[in-house]
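A.B. asks: Here it is, the structure in full.
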Amino acid sequence: MKKILDLITEEVTRAFAECGYQEKYAKVTLSNRPDLCEYQCNGALAAAKEYKKAPFLIADEVAAKLSGNPMFSAAESVKPGFLNLKLDNAYLAEYLQEMQADSKRFGCSPAGHPQVIMIDYGGPNVAKPLHVGHLRSAIIGESIKRIGRFMGHTMIGDVHLGDWGLQMGLIITELKERQPELVYFEETYEGEYPAEAPFTISELEEIYPTASTKSKEDEAFKEAAMQATYELQHGRNGYQALLSHILNVSVTDLKKNYENLNVSFDLWKGESDAQPYIPAMVQKMKDDGYAYISEGALVVDVKEETDTKEIPPCMILKSDGASLYNTTDLATIVWRMKEYHPDEIIYVVDKRQELYFTQVFRCAARTHLVEKDTRLKFLGFGTMNGKDGKPFKTREGGVMRLERLVSEINAEMYRKIVENETVRMDEAEARETARVVALSAIKYGDLSNQASKDYMFDVDRFTSFEGNTGPYILYTIVRIKSILAKYRSLGTTVAGAVILPAKSESEKALMLEISRFSAAVEMAFLETAPHKICAYIYELANAFNHFYHETKILAEENSQVQAGYIRLLMLTKGILEKCIDLLGFSAPERM
Ligand code: ARG
């Protein structure tokens, strides 16, 4: 289905052309004075110069051409030369009727040229518990993946585990000190390694920080860890076996955590999966003359003439030949291109890594790891702060684990739900409802901000059922569900009923919001900006609640009018539910 704004623009364009003016002047926008009109065109003001005519004369002519057009109930020229437009109520009702007939997409057409887009998000580090720093990547990435998929693109989400480097050596070394008798440390061992890991996830999560602290105080320990890292990376069998255990135990735990967040990945690849691609990649960079030795290290220049600040060379190998975070990211691009040939790769990573990604992307382009038209996009997100404006911490001031954050919000939500006298539910339903609503609070609280900005995680505000919050959106959906249930219980049916032309201002306002659904989703995709969907559903929910407070729906006596309202409610609910699904959460039956 065409977007409503495009349909309006087509009519206005035709009117401009018929009056002898260039089409480029027929630009229509949402009105910035909704009290006066719904859409507006200011093109006559710009055209005035070219045609040496007073703008209002031009606007008058165009308005006259549009009068009688069934799309508009008003097309007025207003001095000094604005064209104010109002949609005809019957036309709008028909448009919505068509949206509703398309029960899965609500008239939002998929992209004409579907693309393959890989999305690198999550980025957890093996053996380290997820903390709030990982929350944003997971939430934003998941939403972008869902939006892209809805637009018809092939979206491939890759978690890109941090499973390489010194952290593995640290764990191995600490484990060796604790349990030297384990067969993994026997260098000459040639048998099978045990299937069962020699540690649990909680042990692993304790081993890593202990080892990390030790390495900072104890030089010999650090050396041993570096040696272990080296041996692991050069294929020592026992260490490879330990790495698989670390991975398995960690990934099982990570999957559980992500599942609780409604986040899932198509690929569970990690930094270690890129290692086999490094030697050939490095060799080629050397052979092609891009990589050279500078101060012992192998680097590729990535400066560009137009740079206003210094962009240092991208380091490929350290002076001891060891690979780096960069090397891994570049080699990851190699296998991604080889196996999936993406049109675009989007990285959802903390914005503090922006310079780093600039170097990596330029290096990849310059050394032809990607094709000329492959887009590498960095979507940097800001920090989640506490009420004190500093990075979010526990009450005691420590790093907040994700699990703890989620369970604290769940508990707060549970309290609110149990306190609510109007809806009585048993323990199990209350717990499950609290979980669903809490997730909406966390995700909407995050996604409603432009990703690149820092934001304040305010538990009280985010969990409120009023204002621009996830729970408010869910509350609106639940309200509609309850009206629909009551309507059904009256033994009535909407079979054959259609959405009727609006009979009130608030109904019209609701219908106008509904008609903008596809524009909102398309924009959110084009700008990789889930916050545009949040802004849209907030407006939509407000418009619905306004309409609801002003309209007797269940008490309406004319059954046709009533069935029309119900159809309108069903469409509103469908769109709200689709949008929250794109954001990565869902609504309960009641709350
Ligand atoms: N594991 C990294 C971190 O915790 C994030 C990974 C981001 N993705 C990437 N391709 N480098 O900082």
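The values are calculated or read from the model by the stated rules, or taken from the named source; none is laboratory data. Note that the coordinates shown come from a computational prediction; the quantities given were computed from them, not determined experimentally. We place every Cβ from the backbone using ideal geometry, glycine too, and count neighbours over all the protein chains shown. Side chains included, ligands, DNA and RNA excluded: accessible areas come from the protein's heavy atoms. Shrake-Rupley method; radii C 1.70, N 1.55, O 1.52, S 1.80 Å.
A.B. asks: Could you tell me whether region 267-284 includes any residue that is modelled with pLDDT under 95, within 12 Å of the ligand (Cβ to nearest atom), assigned to a loop (DSSP other than H, G, I, E, B) and within 26 Å of GLY380 (Cβ to Cβ)?
C.D. replies: no
A.B. asks: Something else: Return the total of residues in region 131-150 being touching a residue at least 24 places away in the same chain (Cβ under 8 Å), open to solvent by 10 Å² or more (accessible area, probe 1.4 Å) and either assigned to a loop (DSSP other than H, G, I, E, B) or more than 8 Å from the ligand (Cβ to nearest atom) (or both).
C.D. replies: Of the residues in region 131-150, 4 are touching a residue at least 24 places away in the same chain (Cβ under 8 Å), open to solvent by 10 Å² or more (accessible area, probe 1.4 Å) and either assigned to a loop (DSSP other than H, G, I, E, B) or more than 8 Å from the ligand (Cβ to nearest atom) (or both).
A.B. asks: Another one. In region 122-155, how many residues are closer than 18 Å to LEU267 by Cα and charged (D, E, K, R)?
C.D. replies: Going through region 122-155 one residue at a time, the tally reaches 4.
A.B. asks: Give all pairs with beta carbons closer than 9 Å in which a residue from region 331-356 that is among the acidic types (Asp, Glu) meets a residue that is near the ligand (Cβ under 9 Å from one of its atoms); count only pairs at least 6 apart in sequence or on separate chains.
C.D. replies: Partner pairs satisfying both residue conditions: ASP350/GLY123; ASP350/GLY133; ASP350/SER137.
A.B. asks: Further question: Could you tell me whether MET591 is outside any helix (DSSP H, G or I) and touching a residue at least 60 places away in the same chain (Cβ under 8 Å)?
C.D. replies: Yes: the conditions hold for MET591.
A.B. asks: Has region 345-357 got at least one residue that is away from the ligand (no atom under 14 Å from the Cβ) and either in a loop (DSSP other than H, G, I, E, B) or crowded, with 17+ Cβ neighbours inside 10 Å (or both)?
C.D. replies: Within region 345-357 (the criterion being away from the ligand (no atom under 14 Å from the Cβ) and either in a loop (DSSP other than H, G, I, E, B) or crowded, with 17+ Cβ neighbours inside 10 Å (or both)), the answer is no, since none of the residues qualifies.
A.B. asks: Free of Cβ contacts under 8 Å to residues at least 12 places away in the same chain and either basic (Lys, Arg) or not in a strand (DSSP E or B) (or both): which single residue out of ARG435, ARG395 fits that description?
C.D. replies: Only one candidate qualifies: ARG395.
A.B. asks: Tell me which residues, restricted to region 358-379, are assigned to a helix (DSSP H, G or I), of a type in the set (A, V, I, L, M) and either in contact with a Lys or Arg (Cβ under 7 Å, 6 or more places away or on another chain) or open to solvent by 30 Å² or more (accessible area, probe 1.4 Å) (or both).
C.D. replies: ALA365
A.B. asks: I've got another one for you. Going through region 151-161 one residue at a time, which ones are within 15 Å of the ligand (Cβ to nearest atom) and open to solvent by 10 Å² or more (accessible area, probe 1.4 Å)?
C.D. replies: If the condition is that a residue be within 15 Å of the ligand (Cβ to nearest atom) and open to solvent by 10 Å² or more (accessible area, probe 1.4 Å), then ILE156, HIS160 are the ones that fit.
A.B. asks: Going through region 227-240 one residue at a time, which ones are closer than 16 Å to PRO180 by Cβ and either of a type in the set (A, V, I, L, M, F, W, C) or surrounded by 14 or more Cβ atoms within 10 Å (Cβ to Cβ) (or both)?
C.D. replies: Result: ALA228, GLU231, ARG236, GLY238, TYR239.
A.B. asks: Consider GLY107 carefully, then state whether it is open to solvent by less than 40 Å² (accessible area, probe 1.4 Å), assigned to a loop (DSSP other than H, G, I, E, B) and away from the ligand (no atom under 16 Å from the Cβ).
C.D. replies: Yes, satisfied.
A.B. asks: Just checking, does region 311-320 include any residue being part of a strand (DSSP E or B), more than 16 Å from the ligand (Cβ to nearest atom) and in contact with a strand residue (DSSP E or B) (Cβ under 7 Å, 6 or more places away or on another chain)?
C.D. replies: Scanning region 311-320, I find at least one residue that is part of a strand (DSSP E or B), more than 16 Å from the ligand (Cβ to nearest atom) and in contact with a strand residue (DSSP E or B) (Cβ under 7 Å, 6 or more places away or on another chain), so the answer is yes.
A.B. asks: Evaluate the following for ALA54: is it away from the ligand (no atom under 16 Å from the Cβ), farther than 30 Å from SER506 by Cβ, in contact with a Cys (Cβ under 9 Å, 6 or more places away or on another chain) and among the hydrophobic types (A, V, I, L, M, F, W, C)?
C.D. replies: When the stated conditions are applied, ALA54 does not pass them.
A.B. asks: Does region 533-576 hold any residues that are open to solvent by 60 Å² or more (accessible area, probe 1.4 Å) and acidic (Asp, Glu), and which are they?
C.D. replies: Once the filter is applied, which keeps residues that are open to solvent by 60 Å² or more (accessible area, probe 1.4 Å) and acidic (Asp, Glu), region 533-576 yields GLU539, GLU550, GLU557.
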